[in-house]
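Take a look at the structure below.
The values are calculated or read from the model by the stated rules, or taken from the named source; none is laboratory data. The model shown is predicted, which means the values in this text are computed figures rather than measured ones. Glycine also receives a Cβ, built like all others from the backbone with ideal geometry; neighbour counts cover every protein chain displayed.
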Amino acid sequence: MADGIVLAANDSGEPAPIRVAFCITDLDVGGAERIFVELVTRLDRHRWEPRVFCLSGPGALVERLQASGIRVTCFGATNARSLGVIWRLATALKQFRPALMQSFLFHANLIGRFAAWWGGVPRVVCGIRVAERRSRVPLWLDRLTQGFVDHNVCVSRAVADFSIQNSGLKAVKVSVIPNGVDGERFAAAMAADRSSLGLTAAPLMLFVGRLDPQKAPFVLLEAFERLITRHIDWQLLFVGEGPLRPSMTDWVAEHRLNSSIHFAGWRPDVPELLKTADVLVLPSLWEGMPNIVLESMASGLPVVVSRVEGTEELIRNGETGLLVTPGSAAELERQIETVLIDREFSTKLSTAAQPFVFNNFTTEAMIHSYEQLYLQLLQNDSRFAS
């Protein structure tokens, strides 16, 4: 591999803040990656000096980090077999000499904990963002390497319980810090122009996320196929990319639904799309705490989502949204129809959801929780105690 790409940041001029290394698998646009950027850019710079280490090449979110005066090193690793990145990250950590390293996502957690040990980082915190059900290998590796980890932050209580039970993590080394959302940004957004997306004024279902088996988009396609027989003008918009897109577009063509189902790819105007849609639908088979559900609730958009990790901590079924059994197209169909036909009920859901998010899932609360955790982990080290 080529040498790491170092993207210089502006000199902050702050007096001796505590250095914190942040490690992530990639910086492409995704839910975990966006939360990572929010955390890094919003830390109190009087107290902390963050630096970001990305295992892959520069992604779309690098620019925002750099604009916030944060130095980013991208190592350009192309796959999980690029083990040389461990040595390169360890070397970079030795040069930076952080008091603590925070990693996000499985590969960064695994590689980061070895590199931090080699690089002499005093404290290591790993972020667990999902209840991994695709394979047991990550769970086994988490269990095997916990000796290199001081603490684990789980994104929801359900993920914490899953990790303790399935990865054998010690409960004393696990905290829950939920995602936070900039509620005002989503509440104040202006609705996107539907005509620019080839959409009409008819009821619109919105899916935002990776087109991946985890998110079960084919369950939504099946539900929509049933709904369109009774509501011929209803529409469905997929926002996101992923490995299932080719097979999904083939399915849509075979069922002659091209005029009703639209694919927008990744888009930067998600707040505006949430404002123009009539319901968010997320039929995931497993999750952690899906950001898009928080964002939809903050926008005032009713949600119909699977009853999976994190969603039950966000949704009071029938009060702030609707929960469905994962994998059930029939149940998904019924609940979508309920929301789109009963507008009074739909308004009731969204009206209750907004203040619930504003009061319980703010970005400020999330940042404060991370900062308090870092201080707690460092308080017994005289080099870093305030």
request  = Within region 313-333, track down each residue that is of a type outside the set (Ser, Thr, Tyr) and buried (at least 16 other Cβ atoms within 10 Å of the Cβ).
outcome  = GLU313, LEU314, ILE315, GLY321, LEU322, LEU323, VAL324, PRO326, ALA329, GLU331, LEU332, GLU333
task = Please state which one of ALA32, ALA21, ALA92 is at pLDDT 95 or above, among the small types (Gly, Ala, Ser), assigned to a helix (DSSP H, G or I) and under 20 Å from VAL149 (Cβ atoms).
result = ALA92
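Would you check if LEU89 is surrounded by 15 or more Cβ atoms within 10 Å (Cβ to Cβ) and not polar (S, T, N, Q)?
Values: surrounded by 15 or more Cβ atoms within 10 Å (Cβ to Cβ): yes; not polar (S, T, N, Q): yes.
Judged against the criteria, LEU89 is a match.
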task = Given the conditions (1) within 24 Å of ALA131 (Cα to Cα); (2) in contact with a helix residue (DSSP H, G or I) (Cβ under 6 Å, 6 or more places away or on another chain); (3) in a loop (DSSP other than H, G, I, E, B), report the number of the one that GLU287 does not fulfil.
result = (2)
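Condition check ((1) free of Cβ contacts under 8 Å to residues at least 12 places away in the same chain; (2) touching a Pro at 6+ places or on another chain (Cβ under 7 Å)) across all residues:
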site: LEU211; (1), (2): no, yes
site: LEU220; (1), (2): no, yes
site: ALA223; (1), (2): no, no
site: LEU227; (1), (2): no, no
site: TRP234; (1), (2): no, yes
site: LEU237; (1), (2): no, no
site: GLY242; (1), (2): no, no
site: VAL252; (1), (2): no, no
site: ASN258; (1), (2): yes, no
ask   = Of the residues VAL37, VAL6, which single one is modelled with pLDDT under 95 and either under 26 Å from the mean Cα position of the chain (by Cα) or in the same structural domain as ARG97 (by TED's automatic domain parsing) (or both)?
value = VAL6
message = Filter region 260-279 down to the residues that are β-branched (Val, Ile, Thr) and within 17 Å of the chain's Cα centre (by Cα) and list them by number.
response = VAL270
note = Scanning region 120-162 for residues that are of a type in the set (Asp, Glu) and under 25 Å from SER284 (Cβ atoms), the one modelled with the highest pLDDT turns out to be ASP161
query = Of everything in region 49-64 that's in contact (Cβ under 8 Å) with a residue 40 or more places away in the chain and crowded, with 20+ Cβ neighbours inside 10 Å, which residue is nearest to GLU364 (Cα to Cα)?
reply = ARG51
remark   = Being under 25 Å from GLY180 (Cα atoms) and at pLDDT 95 or above narrows VAL293, VAL252 down to just VAL293
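One line per residue, one yes/no per condition, for (1) outside the structural domain of LEU274 (by TED's automatic domain parsing); (2) in a loop (DSSP other than H, G, I, E, B); (3) more than 19 Å from ILE341 (Cβ to Cβ); (4) more than 23 Å from the chain's Cα centre (by Cα):
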position	(1), (2), (3), (4)
LEU206	no, no, no, no
ARG210	no, yes, yes, no
GLN214	no, no, yes, no
PHE224	no, no, no, yes
ILE232	no, yes, no, yes
LEU236	no, no, no, no
task = Among the numbered conditions (1) under 19 Å from ALA330 (Cα atoms); (2) surrounded by 17 or more Cβ atoms within 10 Å (Cβ to Cβ), tell me where LEU285 comes up short.
result = (2)
ask   = GLY242: within 19 Å of the chain's Cα centre (by Cα) and either buried (at least 23 other Cβ atoms within 10 Å of the Cβ) or part of a helix (DSSP H, G or I) (or both), yes or no?
value = no
query = Of all helices (runs of 4 or more DSSP H) completely enclosed by region 298-386, which ones contain at least 2 residues that are among the β-branched types (Val, Ile, Thr)?
reply = 329-341, 343-360, 363-378
inquiry  = If I filter region 311-326 for residues that are farther than 27 Å from ALA191 by Cβ, touching an Asp or Glu at 6+ places or on another chain (Cβ under 9 Å) and either aromatic (Phe, Trp, Tyr) or in the same structural domain as TRP266 (by TED's automatic domain parsing) (or both), do I get at least one hit?
reply    = yes
query = What about ASP193, is it in the same structural domain as SER299 (by TED's automatic domain parsing), closer than 24 Å to ILE292 by Cα, of a type in the set (D, E, K, R) and surrounded by fewer than 23 Cβ atoms within 10 Å (Cβ to Cβ)?
reply = yes
note = Scanning region 297-312 for residues that are crowded, with 24+ Cβ neighbours inside 10 Å, over 19 Å from ARG129 (Cβ atoms) and of a type in the set (Gly, Ala, Ser) gives ALA298, SER299
